[in-house]
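What follows is a set of notes on a single structure, which appears directly below.
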Amino acid sequence: MVRVTCLGGAGSVTGSCYLVESVQGKRALVDCGLFQGGKQMDERNRRDWGFDPKSINTLFLTHAHIDHSGRIPKLVKDGFKGQIITSPPTAELCSIMLLDAAHIQESEAEWQTRKNKRKAHGEVQPLYTTEDAEAAIQCLRPVERDQVIEPEPGIRARLRNAGHILGSSILELWVEENLSSLKVVFSGDLGKKDQLIVRDPHEVFDADYLFLESTYGNRLHRSFEASKAELLEAIEYATAKGEKVMIPAFAVERTQEILYVLGEFHRKGRLPDIPIFLDSPLAIKATRIFRNNKKYYDKEAMAIVDQGFDPFDMPNLRFTESTQESIAINQAPGPAIVIAGNGMCTAGRIKHHLKHNLWREGSSLVIVGFQAQGTTGRRIVDGAKHVKIFGENVAVKAKVFTIGGFSAHADQGDLLEWVGHFESNPRVFLIHGESAASKTLAEKIEATHGMKTHIPRWKERLILKPKEILIEEPAEAEAPLDFQAAMLNAMVDLESEIKTLRKQIKARPIVSEEDVERLEYLKEEMKAVRESVSSNQ
Ligand SMILES: [Zn+2]
Ligand SMILES: [Zn+2]
């Protein structure tokens, strides 16, 4: 018997975390990700773990994305002293990403504390600090994929390529029973077929139980060739008008995919001779890690290396690490391609580029990633004529290209095909998906492959036996969220902020950027409350 408790990444795409317990009392964690998406998800990050972090000796980490790794520093802060088994590139990427995440936590807490002070409220502690992240990095134990290891007696494991981002892995786990063992497979996030840079997901043939991601369980991606053509069109458009091409992109994988495609355009002589700026310190560090890990490339990327090229380089590419270099980009007139974070235009250097260029007719904005509701990126994609950036109303005159083919996730077709490799008819648990996506995929898997499926809820405990499963409801029922109280609290906040702001505007003629941003933030919170109400009714 093996018990698996779904502590995150169940019924949602963030917070991935699964506690695995054996009959012999062994415990291991699979992933330890951050919950993301508004205040209510955020609150889950601060909750009690539901287990003692000191009692865990092994944490398996499938990949570096924050929704899988972002709570590790908190786990360490709360007493975890074990080892984090992961692939070598994941360990490297995690080292830069956890420090970045700690920095974000620290500055958010500082900002909240300042805000609270004005209302005579207390200090806000960050979820974790840079020190905690550094301690977490010390626990990383890189292990090459494709070899069976036994991190502790009774638990054997093997990492397999998941083809999602550099270093991403599927986890095969064998948990010892009295005389036999049960095999549980965690897919991690799976990449799509023929994705750039990384190899296709490893085909797994047997498992007793499979935990399968379902992010795009109800969707099919657009063709990648068409996406590349659109990217080139966006570049040619702005170049002809003498304006800039803005590409908001996530630092890991998406940025390198864009560089890879630009490199390909260059080698084929199709890229206009204009400067290209990688304007994100985190993406620059990540790109260096990609360059140093050639042995994990797929054969197309290796072929480029064998011809003597760096797949992420071209003559006009500049890394702009310092703030001064970043500012200089917009001081120079004329066309250029600017890749900057963050991917949803809500923070980071991309906001400066939008402020300088979004209102300029002839510039282009290329959206290559998912834009969550409530983000600036989403508003632009939805056709807003104006957006607020640093408190200013900026007109959207740039031509917006929304390119859908750059996903790093398997779509419904890829997922069905991958599941089809299993010959052992495993019971499938659909995780890491919004409920509509998981449900659709579950139906498809049952119809196509005849496998039994189940969609676990958050905190649900599954008792896996060789031939049957038992499902334990969460120990204490999750109290329904009190939307009325949340709404009233948000309104109290808004009232007091408006009062302060009114005073300030009366006192001096110019409204400061920070004040307007504060008001914007509160409006976002109101919106998040409203969205939770409507999605739960
Ligand atoms: Zn991922
Ligand atoms: Zn994920």
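The values are calculated or read from the model by the stated rules, or taken from the named source; none is laboratory data. Only a predicted model underlies this, so the values are computations on that prediction, with no experimental measurement involved. No Cβ is skipped: glycine too gets one built from the backbone with ideal geometry, and neighbour counts run over all protein chains shown. Areas reflect the complete protein model, heavy atoms only, side chains present, ligands, DNA and RNA absent. Shrake-Rupley method; radii C 1.70, N 1.55, O 1.52, S 1.80 Å.
Figures for the structure shown
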| quantity | calculated |
| --- | --- |
| Distant-in-sequence amide H partners of residue 140 (H built 1.01 Å from N, under 5 Å) | 84 |
| Reciprocal mean inverse distance between Cα atoms of the range 219-349 - Kirkwood radius, Å | 15.4 Å |
| The chain, helix-only ellipticity at 222 nm - DSSP H runs n ≥ 4, -39,500 (n - 2.57), divided by all residues, nearest 500 | -12000 deg cm²/dmol |
| Under Karplus coefficients 6.51, -1.76 and 1.60, residue-wise ³J(HN,Hα) of the range 381-398 in Hz, glycine/proline x | 4, 6, x, 4, 7, 9, 9, 8, 10, 6, x, 9, 7, 10, 6, 8, 10, 5 |
| Counting DSSP beta bridges with both ends in the chain, the antiparallel % (nearest 5) | 50 percent |
| J(HN,Hα) series, the range 172-184, from Karplus relation 6.51 cos²θ - 1.76 cosθ + 1.60, nearest Hz, glycine and proline x | 9, 10, 10, 10, 6, 9, 4, 10, 10, 9, 9, 9, 10 |
| Probe 1.4 Å - accessible area at residue 313, Å² to nearest ten | 70 Å² |
| The range 320-476: antiparallel DSSP beta bridges as a percent of all, rounded to 5 | 55 percent |
| Given 77/465; 228/385; 192/228; 241/399; 39/285; 228/439, the pairs whose alpha carbons are separated by over 22 Å | 77/465; 228/385; 39/285; 228/439 |
| Solvent-accessible ranking of 506, 74, largest area first, probe 1.4 Å | 506, 74 |
| Convex hull of the range 39-125 built on C-alpha atoms - directionally averaged projected area, nm² | 6.3 nm² |
| Two-decimal Rg to Rh for the range 197-248 - Kirkwood Rh, Cα set | 1.23 |
| Computed lengthening from residue 177 to residue 316, 0.36 nm per intervening residue step minus Cα-Cα distance | 44.2 nm |
| Solvent exposure of the chain as accessible area per residue, Å², 1.4 Å probe | 44 Å² |
| The chain: DSSP helices with Cα axial extent of at least 30 Å and average Kyte-Doolittle hydropathy no lower than 0.5 | none |
| Low-density loop positions, GluC sites (Glu not before Pro), the range 183-282 - DSSP coil, at most 15 other Cβ in 10 Å | 203 |
| Angstrom value of the Kirkwood radius, inverse mean 1/r, which spans all Cα pairs in the range 6-84 | 12.5 Å |
| Relative contact order (%) - the chain, alpha-carbon pairs under 8 angstrom, separation at least six | 17 percent |
| Pairwise FRET efficiency - residue 498 versus residue 232, Cβ, R0 = 51 Å, nearest 0.05 | 0.60 |
| Cα gyration tensor shape for the chain, rounded if a/c is under 1.5, else prolate or oblate | oblate |
| Whole-Hz ³J(HN,Hα) from phi, Karplus 6.51 cos²θ - 1.76 cosθ + 1.60, for the range 24-32, glycine and proline x | 7, x, 6, 10, 9, 10, 10, 6, 7 |
| The chain, accessible surface, carbon-and-sulfur percent (1.4 angstrom probe) | 51 percent |
